[in-house]
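Participant: Pasting a structure here, questions to come.
The numbers here are math on the coordinates, done by the rules we state, and not lab data. All of these numbers come straight from a predicted model, not from anything done at the bench. Note that we place each Cβ from the backbone using ideal geometry, even for glycine, and neighbour counts take in every protein chain shown.
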Amino acid sequence: MNPLRLGILGSGKGTNCRAILERIQAGELHADARVVISDVFDAPILDIAREFAVPNAYLPPGHFKTRLEPQTETQLVQMLRQAEVELVILAGFMRVLKTPMLEAFPRRILNIHPSLLPKFPGISAWAQALASGEKVTGCTVHFVDEQIDHGTIIAQREVPILPDDNADTLHARIQMAERELYPEVIGRFVESARAA
C-alpha cells in the first residue's frame, strides 16, 4: 500500500507540520509529505520542510490580506496536483480557500483550529476562550469549506483552562494537544485509504 500523499500549507512557525513530519519519519504515520507551501517568504515552516528534505515553495499571495488572488489559488491547485497530493493539510495557513481549491480537493482539505468549534472561530481563539470565562477549550480538526473555521468537524481534543492561565500558557497547552491530534486524524485517512 502506497503512503498517503500530503500537501502541507502554512504561514508561520510550522509546529504542526513538524509534528506530522516527525511521525512520518518515525514510521508511525504511513504518509508521504510531497510538498510544503507557504504564502510567507521567510516562514519558519519552509525551514522545517528543508530540515526534513521535503520539497517546498513560496507562493506569492497577491494583494488580498485574507485570501489568495484567484489566479494564485489556481496556481496553488496546479502545484499540489503536480506533486500528486491526495490530502491537503492546513498547518497555520492564514488564508481562506475559495472555489479553485475546494473544487479540486473536495473533502480532502483539513484544518486544525485552537478552539472547540463552533465556539471561537477566527484569530486568537485561545484568548477569546480565556476572556469569556470558559472552563474548557481545546482544538478541532475539520474539513475546510468556504467559510472561516466552519466545515464538518472530524475530531476534537479538550484542554482545561487553569485558574492561573494566561493567553500564552493556555495557547502552549492547546498546541501540545494539536500536535497529538492532527497526526492521529491524518492516520485515520491513511487507514480508510488502505481499506478502500
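Participant: Whole angstrom only: what separates the Cα centroid of the stretch 162-177 from the Cα centroid of the stretch 71-95?
Facilitator: Here the two parts' Cα centres lie 31 Å apart.
Participant: While we're looking at this one, here's another question. Just order 179-186, 149-156 by mean Cβ neighbour count inside 10 Å, highest at the front, would you?
Facilitator: On the way: 179-186: 18.6, 149-156: 15.6.
Listed from highest to lowest mean packing, they are 179-186, 149-156.
Participant: Another one. Any chance you could list P(r) for the chain, counting all Cα-Cα pairs in 10 angstrom bins from zero, rounded to whole %?
Facilitator: So the P(r) values, bin by bin, are 9, 37, 37, 15, 2.
Participant: Compute the length gained on full extension between residue 47 and residue 96: take 0.36 nm times their separation in residues and subtract their Cα-Cα distance, giving the result in nm to one decimal. Display every interim value, and only then the final one.
Facilitator: Working: separation 49, 0.36 × 49 = 17.64 nm, distance 2.33 nm.
Gain in length upon complete extension: 15.3 nm.
Participant: Hull surface divided by four, with the convex hull built on the Cα atoms of the stretch 123-196: how many nm²? It would help to have the intermediate numbers written out before the result.
Facilitator: Details: hull surface 22.6 nm².
Computed as one quarter of the Cα hull surface, the answer is 5.6 nm².
Participant: So if R0 is 25 Å, what FRET efficiency would residue 169 and residue 22 give, r being the distance between their Cβ atoms, rounded to the nearest 0.05?
Facilitator: Working: r = 24 Å, r/R0 = 0.94.
My answer for the efficiency is 0.60.
Participant: In square nanometres, what is one fourth of the surface area of the convex hull spanned by the alpha carbons of the stretch 49-153? It would help to have the intermediate numbers written out before the result.
Facilitator: Values: hull surface 30.7 nm².
Its Cα hull, projected and averaged over all orientations, spans 7.7 nm².
Participant: Under a straight-distance cross-link criterion of Cα-Cα below 29 Å, which lysines are reachable from residue 135, leaving out those fewer than 8 residues away in the same chain?
Facilitator: 13, 119
Participant: At what distance in nm do the modelled label points of residue 156 and residue 69 sit from each other, each positioned 7 Å from its Cα along Cα→Cβ?
Facilitator: 3.9
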